[in-house]
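Nothing in this text is a laboratory measurement; each read-out follows from the coordinates by a stated rule. Since the structure is predicted, the reported quantities are computational estimates derived from the model, not experimental observations. Neighbour counts are summed over all protein chains in view; Cβ atoms, including those assigned to glycine, are modelled from backbone coordinates with ideal geometry.
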Amino acid sequence: MEFVKRFKEISKSDTLLAGGKGASLGEMTRAGIPVPEGYVILSGAFDKFIKETNLDEEIDAALDNVDIKEVHTIENASEKIQALILSKDMPKDIKKEILNFFKQLGSKFVAVRSSATSEDSAAAAWAGQLESFLNTTEETLFCNIGKCWASLFNPRAIFYRFEQKMSKDRISVAVVVQKMVDSEESGIAFSVHPVTQDKNQIIIEAGFGLGEAIVSGSIIPDSYIVDKQGPNILKLNVNRQKRALYKNNRGGNEWRDLGEKGARQALPEKEILELSRLIVKIENHYGFPCDIEWAKEKGRFYIVQSRPITTLAGKKIARTKLSKVFSREHTLVYCSVWNDDNLKLSEELMGRNINNLLLMKEGKSNKISAWYDQAELDNIFSDVSKAINKNPRHFNKIKNKFYEYYNVLLPYFKGKRKLESLDEFKAYYGNWLGWWSPMGMVMMVPGLEGVAEEIKEAALKIREESQKYADSIDDIFVNFFKAKFPKYKKYAYVILPKEVLALNDRELTKDEIGALKKRLKGYAFLNGRLITLDNLETELDKNSLFLEESTIGKNRKIITGMPAYLGKVTGKARLLLYKKDISKVKEGEIIISEMTTPDFIPALKKAAGIVTDEGGIICHAAIVAREMKKPCVVGTKVATKFFKDGDKIEIDANQGIVKLLKR
């Protein structure tokens with residue numbers, strides 16, 4: 001039985017043997033497309049390994065315990081299965097054949113990449129789910145192959161498997177071993193414009209050094225638009241690149257400053273046209289639009305990977321608008337909970353998961369803004385309302401889930417318990433994640449149309465009981481982190497949960513600290529991917545998204561919103577954007593805020609009225625205004641941009657308007 005095949009012996013029909021990536025590389029090699037030389041360890045090698053080590057039943061048993069709505073079950077199964085795979089020795093005959101092919105390749109450094117047997121097909125885009133290892137040597141070859149096999153069961157892959165209804169499918173994995181290209185320039189390309197879907201346009205992104213810097217979002221590449229007819233260059237967008245990632249002599253990668261070279265265009269126009277012809281050749285060979293990774297070494301282009309573009313729908317896709325709905329000071333750990341719940345775990349109670357979510361920190365402030373597709377939210381609100389009306393016991397399910405986790409967290413909220421260890425933090429995070437969805441539902445229900453009043457009142461009662469703890473859940477983590485790791489305390493608001501847990505075994509690396517320092521200046525969490533603000537516009541374009549802009553006319557004197565408590569009052573404006581500004585509020589001033597929180601109560605008591613950018617008639621500001629009987633207008637979107645401290649303004653909540661009287 002063959003366990004290894006060279007690229008030239010593999011075609012696109014060999015996906016079950018070589019995986020999507022391996023089959024694609026073989027197909028391109030046979031078509032005369034320049035691909036770095038290599039071979040594929042076929043899926044049969046992995047299958048034999050599993051069979052000879054008797055791991056089948058243990059893997060199935062671990063997967064049977066997965067509940068896709070409970071993240072910890074995915075993590076537990078992944079940890080167990082990967083440990084099992086990595087603990088077993090590779091059969092000697094497989095090992096011997098792999099080593100023989102490695103020596104024939106004659107390359108000191110190779111790339112070792114996972115290639116799932118359903119990867120890179122338009123129906124099931126596994127891209128990015130499994131692992132790859134660059135600069136692999138003979139010494140690390142078998143270790144990295146084992147890690148590729150194990151990555152078939154990493155948390156992302158297990159979640160994807162269940163999400164795509166493939167949990168019972170026998171998915172295998174091949175491994176690509178390929179000569180490393182020491183790239184002078186590299187990048188990605190799309191044979192069809194991924195945003196406008198213009199089939200006559202090619203998009204090329206190019207940067208100096210290794211392509212990993214572009215894929216990971218560490219640099220902003222040049223972008224070139226090329227008309228296929230000719231080809232002719234339509235647009236050049238050149239971005240200065242301060243540094244580039246290169247292979248070092250020890251087999252690792254290192255960043256190098258580019259100096260004046262970084263201001264140059266990465267590819268001259270002659271080479272852009274040469275690469276464009278190669279891209280057209282690949283698309284014509286396959287007969288469908290392709291997403292291509294390329295590299296250039298010693299003046300020659302190489303294609304590292306090609307796969308179908310899976311996001312085209314046969315017609316131009318309308319761009320989806322994201323609107324800001326929330327602004328508060330929060331940690332990246334808080335954002336991680338928010339992200340994991342909305343994108344993966346909301347379906348149980350809300351009927352569906354969120355498709356589009358942006359959480360963004362701009363500048364040095366710790367304030368996070370949350371952006372949603374309002375139409376998507378409206379559909380979810382409607383679905384939840386219908387579910388409760390159809391079966392009132394659905395609200396009991398929400399309530400029971402709420403208290404299941406709230407009761408565990410309450411001793412921390414009340415200060416009766418403190419986080420003491422990373423194991424305790426891990427459990428705390430799991431309960432926080434479990435609480436998030438029912439907590440959000442409880443906040444949502446009082447504002448839903450068509451829901452029985454008694455259910456709204458029950459939800460409001462729970463909300464009033466618990467909302468004062470909404471922010472303290474974050475404060476508990478911050479206090480724990482700063483006390484436990486004083487060396488890293490300035491990163492408490494920008495560190496990821498996995499980075500916190502890594503501190504159990506080691507210090508943060510130089511690269512990790514560098515990433516944290518960048519996040520202090522801002523970051524974006526777009527649909528589960530953490531990126532720099534510099535890359536946000538590009539990523540929004542790729543996902544056919546754009547952000548709603550709040551514009552204010554030059555001569556405008558009035559803004560409008562939603563009346564939350566009726567009345568009319570005149571006073572001086574006081575912007576209240578951060579907790580630290582609470583003490584600045586004076587008696588009789590009108591508070592202008594993005595959104596109020598329970599921490600603002602002392603200031604709200606002094607205020608003559610309240611105006612917010614965000615929120616609806618059941619938001620915190622609206623509820624407090626009704627309790628305190630203070631005129632209030634919410635949801636203006638622009639109040640904090642429109643008014644300045646000291647402006648004389650008038651709230652006419654009877655009409656839902658706020659006037660600027662004097663500046």
_Angle in degrees between helix 422-444 and the longest Cα principal axis of the chain, rounded to the nearest 10_ = 60 degrees
*Before rounding to the nearest 500, sum -39500 (n - 2.57) across all DSSP H runs of length at least 4 in the chain and divide by the residue total; then give [θ] at 222 nm in deg cm²/dmol.*
-11500 deg cm²/dmol
*Can you tell me how much longer the chain between N65 and K386 gets when fully stretched, taken as 0.36 nm per residue apart minus their C-alpha distance, in nm with one decimal?*
112.4 nm
_Using alpha-carbon coordinates, inclination of helix 374-390 to the longest axis of the chain, degrees_ = 70 degrees
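Looking at this model, which pairs from K416/K487; K386/K461; K386/K579 are more than 32 angstrom apart at the alpha-carbon? The partial results should precede the final answer.
Numbers: K416/K487 26 Å; K386/K461 21 Å; K386/K579 38 Å.
Violating the 32 Å Cα-Cα cut-off are K386/K579.
Shape of the stretch 558-662 from its Cα gyration tensor (a ≥ b ≥ c, root eigenvalues): rounded if a/c is under 1.5, otherwise prolate when a/b > b/c, or oblate?
Numbers: a/c = 1.31, a/b = 1.07, b/c = 1.23.
Rounded, since a/c falls under 1.5.
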*Out of residues 5 or more away from C290 or on other chains, whose amide H comes under 5 Å of its own, with H placed 1.01 Å from N in the peptide plane?*
S191, V192, I309
*lysines within cross-link reach of K69: Cα-Cα under 19 Å, excluding same-chain residues under 8 positions apart?*
K80, K165, K168, K344, K397, K399, K401, K426
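Of K456/K637; K414/K489; K235/K270, which ones are farther than 19 Å apart at the Cα?
On the way: K456/K637 26 Å; K414/K489 23 Å; K235/K270 14 Å.
Check vs 19 Å cut-off fails for K456/K637; K414/K489.
As a footprinting exposure proxy, order D93, D64 by other Cβ within 10 Å, with the fewest listed first. Don't skip to the answer; put the middle values down first.
Details: D93 12, D64 9.
Starting with the residue having the fewest Cβ neighbours, the order is D64, D93.
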*Cross-link partners among lysines for K584, C-alpha distance below 20 Å, same-chain residues fewer than 8 apart left out?*
K367, K572, K605, K606, K630, K641, K644, K648
*Label selected from [x] 43; [y] 67; [z] 36, the criterion being percent of Cα pairs over 38 Å apart as computed here*: [x]
*asked:* Which of R264, R393 has the fewest other C-beta atoms within 10 Å, and how do the rest follow up to the most?
replied: R393, R264
_Difference of contour (0.36 nm per residue) and Cα-Cα distance, R626 to L566_ = 20.7 nm
*Once the Cα atoms of the stretch 185-308 are picked out, what are the Rg and Dmax in Å?*
14.3, 44
*Those residues of the stretch 412-437 whose amide nitrogen sits under 17 Å from the label point placed on A483, 7 Å along Cα→Cβ*: 412-429
_Estimated vicinal HN-Hα couplings, Hz - the stretch 288-305 in sequence order (Karplus 6.51, -1.76, 1.60; Gly, Pro = x)_ = 8, x, 10, 9, 10, 9, 10, 8, 10, 10, 6, x, 10, 7, 10, 9, 8, 6
*Is the stretch 320-547 best put as rounded, prolate or oblate by its Cα gyration tensor, with a ≥ b ≥ c the root eigenvalues, rounded for a/c under 1.5, and otherwise prolate when a/b is larger than b/c, oblate when not?*
oblate
*Using Cα centres only, tell me the gap between the stretch 223-260 and the stretch 553-624 in whole Å.*
48 Å
*In degrees between 0 and 90, to the nearest 10, how far off the longest principal axis of the chain does helix 510-520 point, with axes built from Cα atoms?*
30 degrees
*Can you bin the stretch 451-527 into rounded, prolate or oblate? Criterion: square roots of the alpha carbon gyration tensor eigenvalues sorted a ≥ b ≥ c, rounded for a/c under 1.5, prolate for a/b above b/c, oblate for the rest.*
prolate
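I need to check one value: relative contact order of the chain, counting alpha carbon pairs closer than 8 Å and at least 6 residues apart, in percent.
Once normalised by length, the contact order is 10 percent.
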*Pop out the ³J(HN,Hα) list for the stretch 219-225 in order, Karplus 6.51 cos²θ - 1.76 cosθ + 1.60 with θ = phi - 60°, rounded to Hz; leave Gly and Pro as x.*
10, 9, x, 5, 9, 10, 10
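Compute the length gained on full extension between L501 and L520: take 0.36 nm times their separation in residues and subtract their Cα-Cα distance, giving the result in nm to one decimal. Could you put the intermediate results ahead of the total?
Working: separation 19, 0.36 × 19 = 6.84 nm, distance 1.97 nm.
This chain segment gains 4.9 nm when fully extended.
Write down the percent of antiparallel bridges among all DSSP beta bridges whose residues are both part of the stretch 558-662, to the nearest 5. Mind showing how you got there, number by number?
Details: 16 of 25 bridges.
The antiparallel fraction comes to roughly 65 percent.
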*Within the stretch 467-570, which trypsin sites (Lys or Arg not before Pro) sit in a loop by DSSP and count at most 15 neighbouring Cβ atoms inside 10 Å?*
R506, K521, K554, R556, K557
*Sorting W255, W149 on the 10 Å Cβ count, fewest up front, what's the list?*
W255, W149
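Which of the trypsin sites (Lys or Arg not before Pro) found in the stretch 266-311 are loop residues per DSSP with 10 or fewer other Cβ atoms within 10 Å of their Cβ? Write down the numbers at each step before the final one.
Numbers: sites: K270, R277, K281, K296, K298, R300; in loops: K298.
Sparse-neighbourhood loop trypsin sites (Lys or Arg not before Pro): K298.
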